[in-house]
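Peer 1: Structure incoming, see below.
A short reminder: the numbers here are calculations on the coordinates, not readings from a lab. Worth saying up front: this structure is predicted, and the values here are computed from it rather than measured. We place every Cβ from the backbone using ideal geometry, glycine too, and count neighbours over all the protein chains shown.
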């Protein structure tokens, strides 16, 4: 059962990663449209290219962070699922008797 849970966790993590990559590509394509037009104007071609590089870096950093958080959450979820799947030993988790004061 643990491998099924780990597989499910990995599957979800992979799909979120793929989704983030797809959204990043769409985000960049939409954000590039006005800059491509500006790059055709000789007067602002240079600054438009600089803005393009900064924009690409910023968008990339945002989606890298999303993928990193997804990885961390996936690791945490796998660890928690593994803990939940471990059989408890006799007495584990049971309340311990309190010492009586006299």
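Peer 1: Between residue 7 and residue 35, what FRET efficiency follows from the Cβ-Cβ distance if R0 is 25 Å, with the result rounded to 0.05?
Peer 2: 0.05
Peer 1: Further question on the same structure: Hey, quick one: spin label on residue 14, modelled 7 Å out along Cα-Cβ, who in region 45-76 has an amide N within reach, i.e. under 18 Å?
Peer 2: In region 45-76, the label zone of residue 14 (backbone N under 18 Å from the point 7 Å along Cα→Cβ) covers 67-68, 70-76.
Peer 1: Under 37 °C and 0.692 mPa s, how fast does region 2-85 diffuse according to Stokes-Einstein, given a Kirkwood radius computed over C-alpha pairs? Answer in µm²/s, whole number.
Peer 2: Result for D is 219 µm²/s.
Peer 1: Modelling each spin label as a point 7 Å along the Cα-to-Cβ direction, I'd like the residue 49/residue 61 distance in nm, to one decimal.
Peer 2: Those two pseudo-labels are separated by 2.2 nm.
Peer 1: OK, next. Just to be sure I understand the model, the point goes 7 Å from the Cα along the line to the Cβ. What's the resulting residue 42 to residue 79 distance in nm?
Peer 2: Each label point lies 7 Å from its Cα, and together they span 6.0 nm.
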